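All of the numbers you see were taken from the coordinates with simple rules; none came from a lab. Bear in mind that the values here come from a model prediction, so they are computed numbers and not experimental data. Reconstructed Cβ throughout: ideal geometry from the backbone, glycine too, with neighbour counts over all protein chains shown.
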Amino acid sequence: MIRALALGLLLAAAPAAAQDKPAPPRPGNGLALTPPMGWNSWNKFACNVDEALIRRTADALVSSGMRDAGYAYVVIDDCWHGKRDAHGDIQPDPARFPSGMKALGDYIHAHGLKFGIYSDAGAQTCGGRPGSQGREYQDAAQYAAWGVDYLKYDWCNTGTRDAAEAYTLMSDALRATGRAILLSICEWGNHKPWNWARNVGNMWRTTGDIYDGWQGKKGYSWGMLDILDMNAELHPFAGPGGWNDPDMLEVGNGGMSDDEYRAHFAMWAMLAAPLMAGNDIAGMSEATRAILTNAEIVAVDQDPLGQQARRIADSGGLEVWARPLADGSRAVALLNRGKEPAAIRVDWTAIGYPAKLKAQVRDLWEHRDLGARAGGFETQVRGHAAVIVKVMP
Ligand code: GLA
């Protein structure tokens, strides 16, 4: 009787003891130690993709200085697909990609760039092309044979699939190829990927799609500021190897002013967001090129500490965002959401410095040292614009 009781206690205790032991952590794939940078076809070209566009873009990434500024991945989004062949291997649309994906990957690699492609965890992609559900290992092997370095994996037509499970399955399939393939998770934040996606993928979309506008919901898409707001509280989850993805850049697509695009770009850098240009690289203006290749702002995004900014002040649409950088300095963005120009101030105590500290302030858009300031820094910010400075103790 006593023995039975003791056994009962033992059995009852066993599952609790097993739970106390944390599951061994899933190792990362070693990629994306800083936020991924590149270009993606979707925002500008949607389903109008073909090999001529991809080649033209690879050429322009080199000649414009974008590659040397850090934009490495050339990602073909939805609608490149043709049918599966007799073995079930996915093939590109033969009319749009007559030379085949291996040749296109070789062309991209010969430019010192990396090759990215798109699929979906459902039976069909959002554009109605074949998805990878049930074909994960076969598709991963095909991508590896083509020399693919990056997979964006979407979430349309997934029915009742479990997101963490579906993305882990594709993550495992990619690793089984032996090729280093970055995984970009795109389930729009529906299943809170920041809680489970680290070491499954290297970046995870946090929201629905962006559109090329300052603010406001439009159908299933969101303006730039809405997406910024939805990422504000996610800072604890970003870091080397895995990043919150507030969606691809709209800089240069025509729907916003250059000041608004500068604000968009600066805030994405503050968020430690992947910087995936979404414009026509071959046809971009000098203003667009200057925004995307601003080395000091790209350096904020790519800072090795990988700490996403926090919103530290917010009064009537005038905001201060700050993030610590690896060298002990701070990047600070002063964002004016309103239409009228306004003064915005950051106090040193709000960014972890003593009030009496004299810190050097540098304007990162203007590449200009503003001198040493005690107590804080205040400046006039135009409407729908952001000033971004580096504060160095
Ligand atoms: C979804 C994604 C977009 C894009 C399209 C392609 O909407 O969120 O980024 O990939 O699908 O159809």
Requested in this report: Over 19 Å, how big is the tail of the calculated P(r) for segment 231-328, in percent of all Cα pairs?
Outcome: 43
Report summary line: Everything considered on the Cα gyration tensor (a ≥ b ≥ c; rounded for a/c under 1.5, else prolate if a/b is larger than b/c, else oblate), segment 96-255 must be described as prolate
**Report entry** Residue order, fewest to most beta carbons within 10 Å, for S64, S99
**Finding:** S99, S64
Report task. Could you please state, rounded to a whole Å, how far the C-alpha centre of segment 355-393 is from the C-alpha centre of segment 58-109? Result -> 42
Query raised in the report: Considering the chain, what Rg and Dmax in Å follow from its alpha-carbon atoms?
Result: 23.1, 86
Query raised in the report: Hey, which aspartates and glutamates would be in cross-link range of K356, C-alpha to C-alpha under 16 Å, not counting anything within fewer than 8 residues on its own chain?
Result: D347, E378
Report task. Would you mind ranking I210, I181, I76 by Cβ crowding within 10 Å, fewest neighbours first? Result -> I210, I181, I76
Query raised in the report: For the chain, which cysteines have no disulfide-compatible partner, meaning no other cysteine Cβ under 4.7 Å?
Result: C186
Report summary line: When D303, D68, D229 are arranged by how many other beta-carbons sit within 10 Å of their Cβ, fewest first, they go D68, D229, D303
Query raised in the report: Based on DSSP H runs of at least 4 residues, each adding -39500 (n - 2.57), what is the mean residue ellipticity at 222 nm of the chain after dividing by all its residues, to the nearest 500 deg cm²/dmol?
Result: -8000 deg cm²/dmol
Query raised in the report: Under a point-charge model restricted to the Cβ atoms of Lys and Arg (+1) and Asp and Glu (-1), what is the dipole moment magnitude of segment 310-392 relative to its Cα centre, in debye to the nearest 20?
Result: 100
Query raised in the report: Placing +1 at every Lys and Arg Cβ and -1 at every Asp and Glu Cβ, with all other atoms neutral, what dipole size does the chain have around its Cα centre, in debye to the nearest 20?
Result: 840
Report task. Taking just the C-alpha trace of segment 310-392, give me its Rg and Dmax in Å. Result -> 12.0, 35
Report summary line: Once the dipole of the chain is set up from charges on Cβ (+1 Lys and Arg, -1 Asp and Glu), the residue from the list S171, Y211, G278 lying farthest towards its positive end is S171
Query - Tensor-based shape of segment 327-371 (alpha-carbon gyration tensor, a/c under 1.5 rounded, otherwise prolate or oblate) - result: oblate
Query raised in the report: Cα-based count: Lys pairs in segment 2-301 below 21 Å, eight or more positions apart or different chains?
Result: 11
Report summary line: Note on the chain: contact order normalised by length, alpha-carbon pairs under 8 Å, 6 or more apart, percent, works out to 13
Report task. Over the alpha-carbon set of segment 54-140, work out the extent along each principal axis and list the three values in angstrom, largest first. Result -> 40, 23, 22
Query raised in the report: Using a ≥ b ≥ c from the Cα gyration tensor of segment 142-236 (square roots of the eigenvalues), is it rounded, prolate or oblate, where a/c under 1.5 gives rounded and otherwise the larger of a/b and b/c decides, a/b for prolate?
Result: prolate
